[in-house]
Amino acid sequence: RDICQRLDVRGNARNCFLTGSPDSYRNFIDKGLRSLLNVPNTGAYKNAHHGSGRFYFQSSQPLEEKITSLQIGSVGQLSLHSSAWNIQIIRSFRTSPSFQAAPVPLFWIIVKPAQKLFAIILGRSIRNWWKALPPNKRELFKESARKNKWKILLGVSSLGVLFVMFYFTHLEETPITGRARLLVFGKEHFRELSQMEYDMWMEEFKSKMLPETDARYQVVERVVGHLSESNKDIPQVSSLKWVIHVVDEPGVNAFVLPNGQVFVFTGLLNAVSDIHQLSFILGHEIAHAVLEHAAEKASLVHFLDFLSLIFLTMIWAVCPRDSLAVVGQWIQSKLQEFMFDRPYSRTLEAEADKVGLQFAAKACVDVRASSVFWQQMELAETIQGQPRLPEWLSTHPSHENRAEHLDRLIPEALKIRESCNCPSLSGPDPRLIFKLSMQHLLESSKDQEPPNSTKRDLSKPKLDFPHT
């Protein structure tokens with residue numbers, strides 16, 4: 001769909017930027033917290049990017065040496081000593097790209113602008129017709145409307161009943177979670193579109209696809225294969241053929257098309273802290289495909305767009321001038337976006353987090369690492385000191401709320417993990433290690449302040465570190 005995800009009012013990703021000296025970070029994170037998937041050391045920072053997000057890491061251990069010991073297991077014992085590292089972040093990260101999150105059938109993509117244009121022309125024609133009527137005829141129409149108000153009310157009510165009936169007759173149960181949802185378009189509507197989208201991505205990245213012999217490809221193949229094998233009791237998982245594509249792109253990005261095509265950017269492999277975080281992220285993306293969120297979102301958008309045509313016609317018919325009608329149309333679109341579209345997207349993301357965590361638990365992943373991932377995203381924003389926009393401005397939950405939501409789900413996921421006879425988790429909780437590491441970082445930065453510097457509250461978002 002965030003290394004430090006935040007969208008501005010226009011939906012554009014803002015940038016955050018962090019640099020620091022090696023001394024600032026020497027005791028920040030233990031050697032055991034180093035990414036299992038860091039890229040080989042080339043003497044330069046390796047960059048991981050999603051949209052406008054970038055992560056830069058220094059690694060002294062080649063990826064190929066790490067792959068040989070890569071296993072799904074627990075996070076080992078951690079200490080608070082590590083080699084110096086520098087990190088630069090430009091955000092944001094979202095594992096579900098907007099194009100994939102809400103595809104609509106091709107016919108409605110073409111027809112939608114024509115529908116809006118028809119509604120505008122109809123509303124404007126009604127307004128001009130009314131203005132052209134002589135005053136006596138206007139009074140006759142008003143009098144006729146008053147006499148037949150019950151018939152008019154009955155007609156409007158009948159139209160409303162038709163919409164309600166359409167809504168409830170197209171409700172289906174979401175797989176796994178059992179949530180009732182509107183589904184106008186089924187799987188068959190998306191097969192051809194999924195293939196079209198797949199062809200588009202393959203054409204765009206045809207020169208950047210990693211071969212199957214690449215160690216990074218094998219990591220993703222192993223993780224996806226383990227997730228699908230561990231959840232093969234779910235029909236929606238076993239019925240899809242999961243095809244892996246690893247793109248040599250710096251974007252911190254991963255998404256799964258409704259037909260089971262998995263795309264992972266090498267930037268994501270560079271950004272995750274360990275194999276457990278990668279497994280959770282891919283489980284989240286697989287959950288989007290299994291829960292048919294693309295068809296669900298497209299169905300809601302289509303239903304709301306059809307309803308909005310009525311209001312759009314009324315706006316252009318009632319507003320006395322075109323300029324006011326344009327303003328009214330903009331207000332209507334923003335109300336729909338912030339009252340329905342974005343909250344619904346956040347609901348789907350939260351559901352994918354829940355189901356993805358269950359998938360990871362059945363695959364014996366350390367599910368506790370899932371909330372740490374989003375705490376890392378929150379840390380990036382805190383260090384940068386960027387203003388935190390309200391969650392309702394975004395299509396995704398905030399990092400903080402996402403981590404808290406996962407923390408509430410982790411006890412249940414641990415029970416699922418135990419019921420699958422997974423090995424016991426050894427070592428400390430990665431959430432505790434992250435918390436202690438953050439405290440150590442804050443104390444270190446506080447100690448390094450110049451003696452004559454003004455005392456600052458480190459609990460506030462703005463944190464400044466010495467720069468090299």
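The values are calculated or read from the model by the stated rules, or taken from the named source; none is laboratory data. The structure displayed is predicted, hence computed values, not measured ones. Virtual Cβ from ideal backbone geometry, glycine too; neighbours counted across all protein chains shown. Note: accessible area is taken over every heavy atom of the protein model, side chains too, but ligands, DNA and RNA are not part of it. Shrake-Rupley method; radii C 1.70, N 1.55, O 1.52, S 1.80 Å.
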| request: Look at residue 304 and say whether it is modelled with pLDDT under 90, outside any strand (DSSP E or B) and open to solvent by 10 Å² or more (accessible area, probe 1.4 Å). | output: yes
| note | Restricting the range 414-448 to residues that are surrounded by 14 or more Cβ atoms within 10 Å (Cβ to Cβ) and assigned to a loop (DSSP other than H, G, I, E, B), the one modelled with the lowest pLDDT turns out to be 427
| message | Looking at 314, 339, can you tell me which residue is over 18 Å from residue 431 (Cα atoms), aliphatic (A, V, I, L, M), open to solvent by 10 Å² or more (accessible area, probe 1.4 Å) and at pLDDT below 90? | response | 339
| Given the conditions (1) surrounded by fewer than 22 Cβ atoms within 10 Å (Cβ to Cβ); (2) within 30 Å of residue 274 (Cβ to Cβ); (3) touching an Asp or Glu at 6+ places or on another chain (Cβ under 8 Å), and given that residue 379 satisfies all but one, which numbered condition is not satisfied? | (3)
| request: Looking at (1) over 27 Å from residue 369 (Cα atoms); (2) touching a Phe, Trp or Tyr at 6+ places or on another chain (Cβ under 9 Å); (3) not aromatic (Phe, Trp, Tyr), find the lone condition where residue 206 falls short. | output: (2)
| Which listed residue is closer than 24 Å to residue 365 by Cβ and either open to solvent by 70 Å² or more (accessible area, probe 1.4 Å) or of a type in the set (Val, Ile, Thr) (or both), from 203, 229 | 229
| query | Looking at the range 168-185, which of its residues are exposed (fewer than 13 other Cβ atoms within 10 Å of the Cβ) and either of a type in the set (Asp, Glu) or over 21 Å from residue 362 (Cα atoms) (or both)? | reply | 168, 169, 171, 173, 180
